[in-house]
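Here's the structure we're looking at; comments come further down.
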Amino acid sequence: MKTIILFVLCVWVFEAHAQKLESNPVGYRFTDTKVLPCTSVKHQEYSGTCWSFSGLSFLESEIMRMGKDSVNLSPMWIVRCAYIEKAVKFVRMHGKDVFSPGGATGDIFNIVRKYGLVPLEAYEGLNYGTKEHKHAELDAALRGYISAIARDPNKGLTTAWLAGFEAILDVYMGPAPKSFVYQGKEYTPESFRDFLGVNPDEYVALTSFTHHPFYAPFAIEVEDNWDWGMSWNLPLDEFSALFEQSILKGYTVYWCADVTEASFASTKGYAAIPEITIENVDPEEREKYLAMNPIQQRMFVLNKRRPGKEVKITPELRQKGFDTFATTDDHGMHIVGIGTDQIGNKYCKVKNSWGERGQDYKGFFYASYPYVAYKTINMVIHKKALPESIRKKLKAYSVF
């Protein structure tokens with residue numbers, strides 16, 4: 001009988017404590033509602049290659065979705081091949097184009113289509129004396145070389161310039177593998193892509209901006225979209241609903257977004273757009289809040305670091321953010337699930353490429369639905385994840 005009484009007492013104390021936390025939540029606490037399979041968190045380290053890490057993470061989940069064994073793909077294979085494509089275009093444009101380590105969502109699929117895929121074990125891209133990706137010197141060397149070529153000092157290009165560019169890549173990243181052995185069988189990058197069942201034409205990039213017609217494609221005007229990749233433009237309500245709809249259908253999302261908001265705190269596990277309002281202030285602190293100027297009030301709410309009421313995102317607000325550079329093209333990530341916080345707000349569960357160390361959720365974080373609706377540049381999903389109602393509106397272009 002004494003044991004039972006102690007047990008009941010412990011339960012009562014626990015429940016009372018839980019109710020207290022629920023009525024005065026401190027920090028963010030998340031509950032997953034659906035999470036799809038993905039590979040382990042990787043680290044891009046000191047390289048501007050998030051687009052490659054996140055894009056390949058997306059394809060790794062796609063490979064598992066199709067029933068294949070899990071595989072870790074080589075981000076540096078994609079980076080190397082993309083650099084070659086960037087160099088060719090940069091020279092064709094006489095140096096009047098973007099040449100940087102950054103990339104856009106379409107790059108992954110264009111490179112996979114032309115060059116294939118390579119497992120990580122066959123090409124790590126580390127050939128310059130460190131155990132981590134550290135690209136400042138490589139980027140500077142490539143930029144200096146290709147800028148000199150684009151100036152056309154011979155008044156006519158030689159046949160050697162591209163081989164010279166590839167030689168720099170060979171020295172820093174290692175020669176490109178023409179073939180390799182994976183699980184006892186020999187493949188080329190092209191045959192490995194086909195073995196994995198990856199078809200770049202099965203994926204579609206989507207966005208939502210009001211300065212272009214809806215249900216038509218356009219090239220998003222950001223620097224890293226160096227190849228002028230096209231994204232299909234949707235009204236915001238249809239676009240923002242796709243994140244949850246895709247996950248519920250079993251398809252993860254390749255996500256490109258702005259991460260410059262003060263409320264983007266991925267190392268702490270969340271990204272949100274809290275409303276700067278007295279409703280997000282504890283009653284006992286509201287008098288102090290009302291005495292502050294608007295800037296102080298904003299920082300006061302943001303520094304609370306706990307869930308609350310968020311900004312309602314409209315097409316006008318989203319467009320203004322893009323037009324005024326409040327929303328910029330910063331980071332590629334991989335959405336693998338959805339969840340809620342302790343007061344019921346909904347979130348996308350995001351796999352990042354900044355490693356596990358120093359991260360509250362071991363390399364994952366949760367982006368609120370308003371954050372995703374406001375700060376997304378574009379997303380890529382499998383075409384089958386699109387609702388039929390949207391597919392019908394896009395069929396006029398004979399793509400679906």
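The values are calculated or read from the model by the stated rules, or taken from the named source; none is laboratory data. Just so it is clear, the model here is predicted, and its values are computed rather than measured. Because the Cβ atoms are built from the backbone with ideal geometry, glycine has one as well, and the counts that use them run over all protein chains shown. Surface areas here come from the heavy atoms of the whole protein model, side chains and all, with no ligands, DNA or RNA. Shrake-Rupley method; radii C 1.70, N 1.55, O 1.52, S 1.80 Å.
Can you tell me how many residues within segment 360-394 are crowded, with 24+ Cβ neighbours inside 10 Å and in a loop (DSSP other than H, G, I, E, B)? Adding up the residues that qualify gives 1. Filtered by the rule that a residue be closer than 23 Å to Lys86 by Cα and either acidic (Asp, Glu) or surrounded by fewer than 15 Cβ atoms within 10 Å (Cβ to Cβ) (or both), segment 200-228 gives Asp201, Ala219, Glu221, Glu223, Asp224, Asp227, Trp228. Of all residues in segment 48-57, exactly one satisfies the criterion of being open to solvent by 10 Å² or more (accessible area, probe 1.4 Å) and part of a loop (DSSP other than H, G, I, E, B), namely Gly48. Return yes when Ser231 is buried (at least 19 other Cβ atoms within 10 Å of the Cβ), closer than 24 Å to Gly308 by Cα and in contact with a strand residue (DSSP E or B) (Cβ under 6 Å, 6 or more places away or on another chain) and no when it is not. So Ser231 fails the test. Based on what the data block shows, is Val71 modelled with pLDDT of 95 or more and open to solvent by less than 10 Å² (accessible area, probe 1.4 Å)? Criteria met by Val71. The set of residues in segment 58-68 that are in a helix (DSSP H, G or I) and open to solvent by 10 Å² or more (accessible area, probe 1.4 Å) comprises Met64, Arg65. Looking across segment 95-114 at every residue that is modelled with pLDDT of 95 or more and of a type in the set (A, V, I, L, M), the one that is farthest from Ser147 (Cα to Cα) is identified as Val112. Look at (1) of a type outside the set (Phe, Trp, Tyr); (2) open to solvent by less than 30 Å² (accessible area, probe 1.4 Å); (3) over 21 Å from the mean Cα position of the chain (by Cα) and you find that Val112 fails only one, number (3). Is one or more of the residues making up segment 325-334 at positive phi, under 23 Å from the mean Cα position of the chain (by Cα) and not β-branched (Val, Ile, Thr)? Scanning segment 325-334, I find at least one residue that is at positive phi, under 23 Å from the mean Cα position of the chain (by Cα) and not β-branched (Val, Ile, Thr), so the answer is yes.
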